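Down below is the structure, laid out as structure tokens.
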Amino acid sequence: MFIFSIATAYHDFAGKLAKQAHLKVGRVEFKKFSDGEIYVRVGESVAQKKVYVVGTTAPPADNLIEMLLLVDALKTAKALHITAIIPYFGYGRADHLVESGEALSAKLMANLLHCAGVRRVVAIDLHSPRVEKFFTMPLVHVRAQELLARTIKAELFNDQSSALTIVAPDHGAIPLAKRMGRLLRARVAWFEKIRPQHNVAQLGALHGDVAGKIAVLVDDMIDTAGTIAEAANQLKQHGAKKIIVAVTHGVLSGPALERLKQTPIDKVIITDTLPNVSQKKFNKLRVVSVIPLLAEKFRRI
Ligand code: R5P
């Protein structure tokens, strides 16, 4: 079975996944016209075969276009069934209407994939349960919490003396915190949060107790790190002894690294669902790979 990837962003990722899941990396030609338009041609014979495509709907927009064109190319090459593997489902944040006239980007992305010819999606830690409902095709929703929980345990191997509290930095992260709480047998606390504007996070009251404890902050993503930085500062003020951040998607845009560096965080654990994440320089950052997790899913599906 062949696995294909979009032009550059997930090339290495697809190669590693292919090795672990015993798939062949398919050749694809990507070219650009002078105006930036993308040309795609599949270089394998895939007629009547099941194929996999690794890509993302996240910016830059070429990622999405490359994926849609690649899926279309596989269709013209008469592939039997196309599964999209989307380590990070971009545009997933707009998953409900706060007011009419807004774009429902998560639904549009799911529809675009289906329209192009994708017939199954494997995604990791979607932004919210609402996003799952937008997929009108089978969806394998892979959770990274077990992997993150194992990594937290390894990080705390020499510090078993203090109790853990799992902290959700906002209401939306409470289900993740509860799942992590079950995995680590720990209590859950959560912050109230409001967003006066995009990418600005204001945290309110903390519900729960972190004094003298190791606080484990969980969320689906760190984007500008406004949420995590503010939560970490407040946790320190509330008496947390140590702060560990365990988040699936390290978007790390804009001021994220600078903000993380200035906070009292002891460790930031993220996964490799976004390309180039291991090139981010921050000595407290640990990147764990979701590839073995996906390879395991392959064996099952
Ligand atoms: C919000 O709903 C998300 O789960 C994250 O908390 C948020 O997107 C993180 O953004 P930032 O890092 O920019 O605060």
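The values are calculated or read from the model by the stated rules, or taken from the named source; none is laboratory data. Please read all numbers here as calculations on a predicted model, not as lab measurements. Here Cβ is always computed from backbone atoms with ideal geometry, including for glycine, and neighbour counts include all displayed protein chains. Surface accessibility is based on the protein's heavy atoms, side chains included, excluding ligands, DNA and RNA. Shrake-Rupley method; radii C 1.70, N 1.55, O 1.52, S 1.80 Å.
Select from the range 40-68 the residues that are touching a helix residue (DSSP H, G or I) at 6+ places or on another chain (Cβ under 8 Å) and open to solvent by 60 Å² or more (accessible area, probe 1.4 Å) and list them in ascending order. Once the filter is applied, which keeps residues that are touching a helix residue (DSSP H, G or I) at 6+ places or on another chain (Cβ under 8 Å) and open to solvent by 60 Å² or more (accessible area, probe 1.4 Å), the range 40-68 yields only Arg41.
If you go through the range 260-299 and keep only what is more than 24 Å from Ile6 (Cβ to Cβ), in contact with a strand residue (DSSP E or B) (Cβ under 9 Å, 6 or more places away or on another chain) and outside any loop (DSSP other than H, G, I, E, B), you end up with Leu260, Lys267, Val268, Ile269, Leu285, Arg286.
His96 meets all of the listed conditions (1) in contact with a helix residue (DSSP H, G or I) (Cβ under 8 Å, 6 or more places away or on another chain); (2) at pLDDT 95 or above; (3) not hydrophobic (A, V, I, L, M, F, W, C) but one, namely (2). For Glu37, indicate whether it is surrounded by fewer than 17 Cβ atoms within 10 Å (Cβ to Cβ), touching a Gly at 6+ places or on another chain (Cβ under 8 Å) and not polar (S, T, N, Q). Judged against the criteria, Glu37 is not a match. What's the total number of residues in the range 234-278 that are among the hydroxyl-bearing types (Ser, Thr, Tyr) and within 30 Å of Asp209 (Cβ to Cβ)? Of the residues in the range 234-278, 3 are among the hydroxyl-bearing types (Ser, Thr, Tyr) and within 30 Å of Asp209 (Cβ to Cβ). Does Thr248 meet the test of being at pLDDT 95 or above, among the polar types (S, T, N, Q) and under 17 Å from the mean Cα position of the chain (by Cα)? It is true that Thr248 is at pLDDT 95 or above, among the polar types (S, T, N, Q) and under 17 Å from the mean Cα position of the chain (by Cα). The residue that is surrounded by the fewest Cβ atoms within 10 Å (Cβ to Cβ), among those in the range 118-133 that are within 12 Å of the ligand (Cβ to nearest atom) and outside any helix (DSSP H, G or I), is Ser128.
Looking at this structure, is Glu146 acidic (Asp, Glu), closer than 20 Å to Ile244 by Cβ and more than 16 Å from the chain's Cα centre (by Cα)? Against the criterion (acidic (Asp, Glu), closer than 20 Å to Ile244 by Cβ and more than 16 Å from the chain's Cα centre (by Cα)), Glu146 does not qualify. In the range 57-74, the condition of being more than 25 Å from Phe134 (Cα to Cα) and more than 23 Å from the chain's Cα centre (by Cα) is met by no residue.
Would you check if Ile270 is open to solvent by less than 40 Å² (accessible area, probe 1.4 Å), away from the ligand (no atom under 16 Å from the Cβ) and either of a type outside the set (Ser, Thr, Tyr) or in contact (Cβ under 8 Å) with a residue 24 or more places away in the chain (or both)? Taking the combined requirement at face value, the residue does not satisfy it.
Results for (1) touching a residue at least 12 places away in the same chain (Cβ under 8 Å); (2) farther than 26 Å from Lys107 by Cβ, shown as yes or no for each residue.
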{"position": "Gly15", "(1), (2)": "no, yes"}
{"position": "Ala21", "(1), (2)": "yes, yes"}
{"position": "Phe33", "(1), (2)": "no, yes"}
{"position": "Ile38", "(1), (2)": "yes, no"}
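Taking the criterion of being within 16 Å of Leu206 (Cα to Cα) and touching a Ser or Thr at 6+ places or on another chain (Cβ under 9 Å), the residues of the range 176-190 that qualify are Arg187, Val188, Ala189.
Kindly establish whether Ala295 is crowded, with 24+ Cβ neighbours inside 10 Å and either at pLDDT 95 or above or more than 15 Å from the chain's Cα centre (by Cα) (or both). For Ala295, the condition - crowded, with 24+ Cβ neighbours inside 10 Å and either at pLDDT 95 or above or more than 15 Å from the chain's Cα centre (by Cα) (or both) - is not met.
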